[in-house]
1. Does E66 satisfy being assigned to a helix (DSSP H, G or I), loosely packed, with under 10 Cβ neighbours inside 10 Å and at pLDDT below 75?
2. Can you tell me which residues in region 30-47 are modelled with pLDDT of 95 or more and either of a type outside the set (S, T, N, Q) or surrounded by fewer than 10 Cβ atoms within 10 Å (Cβ to Cβ) (or both)?
Amino acid sequence: MGIIRVIFELLVLYIFYKLIFDFVIPVYKSSKEVSKKVEKMRQQMKEYENQDRPLKKEPASKVNKEDYIDFEEVK
């Protein structure tokens, strides 16, 4: 029974090791990287919003009478 218990404990330790190093650590690193990128994007958006950019005013186009066609009602 001693050998079976040792094999069982080694198997449990191996599964625990695989869980930690193949799942938990990569998820932690990925989430940390994503949060850094999101924070960088927020900072860029704040900088973009705070920029002094001139407002583009469209010039009012003058309407020519030549642009319109006379309407004739058809009966």
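1. yes
2. K32, E33, V34, K36, K37, V38, E39, K40, M41, R42 - these are the residues of region 30-47 that are modelled with pLDDT of 95 or more and either of a type outside the set (S, T, N, Q) or surrounded by fewer than 10 Cβ atoms within 10 Å (Cβ to Cβ) (or both).
The values are calculated or read from the model by the stated rules, or taken from the named source; none is laboratory data. Only a predicted model underlies this, so the values are computations on that prediction, with no experimental measurement involved. Cβ atoms come from the backbone with ideal geometry, glycine included; neighbour counts cover every protein chain shown.
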